[in-house]
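Take a look at the structure below.
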Amino acid sequence: MSFFRKMFGRAPEPESAEPEAATPPQGRTLTGTSLAVLLERLPESLNEMAREFPARLPALGAVDLGRETPDEPTFPAMMEVGGHSVWALGFDLPMPEEAQKRSIFYSNWNDEAKATLYAHRAHVLLFYQGSSDDPVVQLSVLYALAAGMRPLGVADETAFNGVPAAVLHEAGSAEFLQAAQTDIPSLLWTGVLKFHREDGQTWYATRGFERFGKPNLAFLAPTGQGEQATDLFHTLLNYQHFYHQTFAHGHTAELGGQFLRFADPYEYAEYLSGGHPVLTVSADS
């Protein structure tokens, strides 16, 4: 996680949250990995982004907007880049309140950063429709295209997360996306919620691991250990993804001299899961 620690510094402490099951946003029928681009206003044309894109990310090359005439409506648009296809649907209004809650509200940025995301007045939904089944590739393409729109930031309901413009500028860079191919930026591409117990302990629970075909994880620790929890989750997600492993109830692992056990939740299962498979992680010295 060193590359991302260097770029973003200390991980933010996960926010407390009222548990909710993840459900598809209302009225959307497209499937696939998606991302919401938050804007002050809808762009009148995507041509400028398309022109700049090859210089920003030479490895992906040019963006083909499939426009036969310049006076065609900007949205919807099927964008082709680097052999990948992305549907873009534009809305000249903010995201629905429920969608904002499931992304911006539960993200772990400070209030000032969240305010910049809440300030959006239009949004574009990007849906990956290409041939790659690798979520790292899919998210890399979506983040690159989102950054090219110069937005206020992005919102990710699957990850219960949002990313403000200053960070998104880096997250859509060639250096960042190259690093992501071997080190998933879990601080951005997944989320962590926390659920307090009366005994001073907190359940830290991930969101968005299902996007990688993995169960979400929950870790019980003294309140205030959010950074340790996010580091643990980051390591375990990367291990599973790049070594093609999937933890299950009864599995064990060794990490940094600690013996880890994975099990089905014994309490608050509905809260911890968010409607997806979840495993608890316990550590023995």
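Here are the numbers for this structure:
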read-out	value
Candidates GLU170, GLU112, filtered to the one that is among the acidic types (Asp, Glu), open to solvent by 10 Å² or more (accessible area, probe 1.4 Å) and over 24 Å from ARG56 (Cα atoms)	GLU112
Those helices (runs of 4 or more DSSP H) lying entirely in segment 102-196 with at least 3 residues at pLDDT 95 or above	111-118, 135-148, 186-189
Residues located in segment 209-262, provided they are of a type in the set (S, T, N, Q), open to solvent by 60 Å² or more (accessible area, probe 1.4 Å) and closer than 26 Å to ASP134 by Cβ	GLN245, THR246
All positions within segment 191-201 that are buried (at least 16 other Cβ atoms within 10 Å of the Cβ) and out of contact with any helix residue (DSSP H, G or I) (no Cβ under 6 Å at 6 or more places or on another chain)	GLY191, LEU193, LYS194
Residue check, LEU60 at pLDDT below 95, in a loop (DSSP other than H, G, I, E, B) and open to solvent by 30 Å² or more (accessible area, probe 1.4 Å)	yes
Of all residues making up segment 126-151, the number that are touching a helix residue (DSSP H, G or I) at 6+ places or on another chain (Cβ under 7 Å) and under 15 Å from LEU39 (Cα atoms)	7
Residue ID - nearest to ALA144 (Cα to Cα), chosen from residues in segment 64-104 that are among the acidic types (Asp, Glu) and touching a residue at least 12 places away in the same chain (Cβ under 8 Å)	GLU80
Search result, residues across segment 143-166 that are over 10 Å from the mean Cα position of the chain (by Cα), within 30 Å of TYR271 (Cβ to Cβ) and crowded, with 24+ Cβ neighbours inside 10 Å	GLY153
ARG67 vs. criteria surrounded by 13 or more Cβ atoms within 10 Å (Cβ to Cβ), modelled with pLDDT under 90 and either part of a strand (DSSP E or B) or not β-branched (Val, Ile, Thr) (or both)	yes
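The values are calculated or read from the model by the stated rules, or taken from the named source; none is laboratory data. Because the structure is a prediction, the values reported are computed rather than measured. In this analysis, Cβ positions are derived from the backbone assuming ideal geometry, glycine residues included, and neighbour counts consider all displayed protein chains. When the accessible area is computed, the model is the full protein with side chains, heavy atoms only, and any ligands, DNA or RNA have been set aside. Shrake-Rupley method; radii C 1.70, N 1.55, O 1.52, S 1.80 Å.
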